[in-house]
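K.L.:
What follows is a structure written as structure tokens; I'll ask about it next.
The values are calculated or read from the model by the stated rules, or taken from the named source; none is laboratory data. Quick caveat, the model's predicted, so the values are computed rather than measured. Note that each Cβ is placed from the backbone with ideal geometry, even for glycine, and that neighbours are counted across all protein chains shown.
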Amino acid sequence: MNDRLIGRAGFLGLLGVGTAGLFYGRNVQDFVGRVVPKQLQAIVPTDGWRIYTIGDSVPNISPVSYRLAVGGMVDGPRTFTLDDLKALKRVEQISTFHCVTGWIVNNVHWAGFRIKDLLDEVKPHAGATAIRFVSAEPGYDDSLTLDQAMLGDVLLAYEMDGGPLPRPHGAPLRLVIPDMYGYKNVKWITRIELLPKPTAGYWEQHGYDVNAWVGRSNGNGPSA
Amino acid sequence: MGPVPEAVTTRPGYVRRFTVTERIVHWTHATAFFALLATGLVLYLPSLSVWISRRNLVKNIHIWTAVAWAVALVAVFVVGNRRALRDSWREVEALDRDDRRWLVGGKAKQGRFNAGQKVNVILTVAFAVLFAVSGFFLWLGERNTTYRLDGAVPLHDALMFASLLLLVGHLYLAVIHPSTRHALRGITRGDVREDWAKKQHSKWVNPDQ
């Protein structure tokens, strides 16, 4: 064999394996996630999470002084402490989290409450058809139609994977809507408003679809 | 296979190992690599993401560094010594019988690049191409999910780990290991001591001359 072909075959082989990785890499990652010990996750985050923020720092909210303000088109606007929220009917679910940038985390175990149980406490007006979630991160908010917010697997979560919701994941309260990309799943929620119609959230003002259905939005299929 | 460039004496006792073009390619790639590694780790590791935050800024630096890296390499290729680059690449690709013996731990005479250096270049270039391709699809897929490839994120991550391992070995041999660290002079100033070259790269600098 020509000496030169050996190096070239190696080079092209690497490119070939890498290109195959573009399509099948997730299977390899899932495998690696099973074999890498949990203790190494600080340097090899095999659980798949990436932490996205838009501001200069990650909100650091004391669970004791935390208050959730619920207002807008409601008869009884009020604020809730974390204990108030934990007194609402607790629900748990295991769902998959999809980021619009392509990473996925399977089998996330959430605990929290349904939005309906919160709204029962404040009595929304008949004309309210949308709900807006405002983050403690300055400038970040997003909204859903009430129909979307009432989907069976939408919840406001204060626990994740068996413990309190960690700070990078939106402590003490975040939205979980598994059928939509992560940017709709607002973290560090401190205010909720009932509105006549949805408003464009932070990422929607930066070009993303308002209806961020996983697999059928943001260029891939109709977003309705 | 083209003729292997002969060792040219630059000053008494020294021979040229790299042209200016090759050195610029090396340091352009090295600078971009560290900038991309630093910003990439902030985007990748949750603990760093929380500590630094400012994701938009970090991400923009990462993406524009990648663009600058690609533009700079194309520019060097256009205005630089293409022939030197082509000749070096041909040498790198040619893993001859001696190289193969050397790679499995045997003693064998080596040319201007030893077999380990050849493998390092092949891996580095392949990783760079794959980094660029997977990075491009990460960027594109974020704008339009139609172009999102399932493996772009895992591939980009895996390349980071592989490159980091390669970098550690490369830095050790170039800066610390006694018998190879003189090579650092070759990539900074262009020439190396002739006696060193005769010993380490005897097929390149003929000891009988």
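K.L.:
For the subset of region A:173-196 comprising residues that are β-branched (V, I, T) and within 13 Å of A:Y66 (Cβ to Cβ), which member is nearest to the chain's Cα centre (by Cα)? If you could, list the steps in order and put the result at the bottom.
P.N.:
First pass over region A:173-196, keeping only residues β-branched (V, I, T): A:176-177, A:186, A:189-190, A:192.
Remaining after also requiring within 13 Å of A:Y66 (Cβ to Cβ): A:189-190.
Details: A:I189: 12, A:T190: 16 Å.
Ranking the qualifying residues of region A:173-196, first place goes to A:I189.
K.L.:
Out of A:G162, A:G170, report the one residue that is of a type outside the set (K, R), over 16 Å from the mean Cα position of the chain (by Cα) and either closer than 30 Å to B:N144 by Cβ or assigned by TED's automatic domain parsing to the domain that holds A:A136 (or both). Even if it seems obvious, please write down each step before you answer.
P.N.:
Details: A:G170 fails: over 16 Å from the mean Cα position of the chain (by Cα).
One residue alone meets the criteria, A:G162.
K.L.:
Considering only region B:99-115, state which residues are buried (at least 19 other Cβ atoms within 10 Å of the Cβ) and not in a loop (DSSP other than H, G, I, E, B). Walk me through it before giving the result.
P.N.:
In the first step, residues of region B:99-115 are kept if they are buried (at least 19 other Cβ atoms within 10 Å of the Cβ); the result is B:99, B:102, B:110-115.
Result: B:D99, B:W102, B:A115.
K.L.:
If the requirement is being surrounded by fewer than 16 Cβ atoms within 10 Å (Cβ to Cβ), over 21 Å from the mean Cα position of the chain (by Cα) and either more than 8 Å from every other protein chain (Cβ to nearest Cβ) or among the charged types (D, E, K, R) (or both), which of these qualifies: A:L88, A:L12? Even if it seems obvious, please write down each step before you answer.
P.N.:
Numbers: A:L88 fails: surrounded by fewer than 16 Cβ atoms within 10 Å (Cβ to Cβ).
Step by step, each of A:L88, A:L12 is checked, and only A:L12 is surrounded by fewer than 16 Cβ atoms within 10 Å (Cβ to Cβ), over 21 Å from the mean Cα position of the chain (by Cα) and either more than 8 Å from every other protein chain (Cβ to nearest Cβ) or among the charged types (D, E, K, R) (or both).
K.L.:
Select, from B:G186, B:G190, the only residue that is away from chain A (no Cβ under 14 Å), touching a residue at least 24 places away in the same chain (Cβ under 8 Å), crowded, with 16+ Cβ neighbours inside 10 Å and at positive phi. First the steps, then the outcome.
P.N.:
Details: B:G186 fails: at positive phi.
One residue alone meets the criteria, B:G190.
Yes or no, residue by residue, for (1) among the aromatic types (F, W, Y); (2) touching a Lys or Arg at 6+ places or on another chain (Cβ under 7 Å):
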| position | (1), (2) |
| --- | --- |
| A:H98 | no, no |
| A:W103 | yes, yes |
| A:N106 | no, no |
| A:K123 | no, no |
| A:A130 | no, yes |
| A:Y140 | yes, no |
| A:Q148 | no, no |
| A:L151 | no, no |
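K.L.:
Need a quick list: helices (runs of 4 or more DSSP H) entirely within region B:39-97 having at least 1 residues that are free of Cβ contacts under 8 Å to residues at least 40 places away in the same chain, more than 12 Å from chain A (Cβ to nearest Cβ) and hydroxyl-bearing (S, T, Y).
P.N.:
On the way: elements: B:46-52, B:55-79, B:82-93.
Passing ranges, in order: B:55-79.
K.L.:
Still on this structure, please answer the following. Please find, within region B:157-168, the residue that is nearest to the chain's Cα centre (by Cα) out of those that are farther than 15 Å from A:L14 by Cβ, touching a residue at least 40 places away in the same chain (Cβ under 8 Å) and more than 8 Å from chain A (Cβ to nearest Cβ).
P.N.:
Per the criteria, the residue is B:L167.
K.L.:
Does B:L149 qualify as being at negative phi and either in a helix (DSSP H, G or I) or at pLDDT 95 or above (or both)? Quick ask: steps written out before the conclusion?
P.N.:
On the way: at negative phi: yes; either in a helix (DSSP H, G or I) or at pLDDT 95 or above (or both): no.
It is false that B:L149 is at negative phi and either in a helix (DSSP H, G or I) or at pLDDT 95 or above (or both).
K.L.:
Tally up the residues in region A:200-224 that are assigned to a helix (DSSP H, G or I) and under 17 Å from A:C99 (Cβ atoms), please.
P.N.:
The first filter runs over region A:200-224 and keeps only residues assigned to a helix (DSSP H, G or I), leaving A:204-206.
Imposing the further condition that a residue be under 17 Å from A:C99 (Cβ atoms) reduces the set to A:204, A:206.
The total comes to 2.
K.L.:
Give the residues of region A:132-148 that are surrounded by fewer than 23 Cβ atoms within 10 Å (Cβ to Cβ) and either at pLDDT 95 or above or not small (G, A, S) (or both), sorted by residue number. Walk me through how you get there before you give the answer.
P.N.:
Quick first cut of region A:132-148, residues surrounded by fewer than 23 Cβ atoms within 10 Å (Cβ to Cβ) only: A:132, A:134, A:136-141, A:145-148.
Correct list: A:R132, A:V134, A:A136, A:E137, A:P138, A:Y140, A:D141, A:T145, A:L146, A:D147, A:Q148.
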